[in-house]
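Input: one structure, supplied below.
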Amino acid sequence: EFWLKWFGLVPYAVVHGFRVWQLFTYLFLHAGILHLLLNLLFLAMFGADLEHTWGSRRFYTYFFLCGVGAGVINVAVKIALDPHGFGQAVVPTIGASGAIYGVLLANAVLFPDRRVWMFPLPVTVSMKIFVAIMIAIEFFGTLGSSGDNVSHICHLGGMLVGYIYLRRGSYLFNFRNSVSDWKRRRLRKKFEVYQR
């Protein structure tokens, strides 16, 4: 109870109790060993390729941005649906699944034709089809109030934040891209000076 109360993501406590650290700490708590092992399995299978492609620093930035962004979306939706804290706004959310779903989306964008097994079925599908199926499952899981103790909003939020991050030239990322392009031009000028 202590860990869930102070370090799990409780939307009402984040908004009214100013426990902002919960947006970060909920990523490191899990409901059990199976929850932790499944998150680590997906991270090892799909995160390794991203880390090799992007480098460690950019991958960690993306991972934590998806996780914290999923938490912010979770808080916003649950506070909008339960502003007085009598229902879902006081239920803690834990786990790094929102960030994992962001990693899945990045794999679908960068490696769309990669083949993955649809476990337990003996069928392989492309990564983009796999992620589309996962999005559909999460979306329809959000619509139904099945009481399965899974934060489907957090999963979809991680994918949404990952998608916004990956969209070059959209939203606020024109500024980010202009800064990186300026750095690249500056390095190119320095290289030309040394080359002469």
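Quote to one decimal, in nm, the extra length available between Ile137 and Val125 on full extension: 0.36 nm per residue of separation minus the C-alpha distance between them.
Additional length available on full extension: 2.7 nm.
Students often check this: by mean Cβ neighbours within 10 Å, which of 76-88, 93-105, 177-189, 7-19 ranks highest, and how do the rest follow?
Answer by packing, highest mean first, reads 93-105, 7-19, 76-88, 177-189.
Per residue, how many Å² of accessible area does the chain show with a 1.4 Å probe?
Each residue of the chain exposes 62 Å² on average to a 1.4 Å probe.
For the chain, return all DSSP H helices satisfying: extent of Cα atoms along own axis at least 30 Å; mean Kyte-Doolittle hydropathy at least 0.5.
56-81
Which one, His35, Pro92, Val109, is farthest towards the positive end of the dipole of the chain when Lys and Arg carry +1 and Asp and Glu -1 on their Cβ?
Of the candidates, Val109 comes out farthest on the positive side.
Still on this structure, please answer the following. With label points built 7 Å along Cα→Cβ from the Cα atoms of His35 and Arg114, find their separation and express it in nm.
It is 2.6 nm.
Continuing with this model, one more query. For region 24-149, give the percent of accessible area contributed by carbon and sulfur heavy atoms, probe 1.4 Å, rounded to a whole number.
Result for region 24-149: 72 percent of the exposed heavy-atom area is carbon or sulfur.
How large is the dipole of region 1-144 about the Cα centre if only Lys and Arg carry +1 and Asp and Glu carry -1, each at its Cβ, rounded to the nearest 20 debye?
Computed charge dipole of region 1-144: roughly 160 debye.
The values are calculated or read from the model by the stated rules, or taken from the named source; none is laboratory data. A quick note: this is a predicted structure, and the numbers were derived from the prediction, not measured. FYI the Cβ positions are ideal-geometry reconstructions off the backbone, even for glycines, and counts take in every protein chain you see. Note: accessible area is taken over every heavy atom of the protein model, side chains too, but ligands, DNA and RNA are not part of it. Shrake-Rupley method; radii C 1.70, N 1.55, O 1.52, S 1.80 Å.
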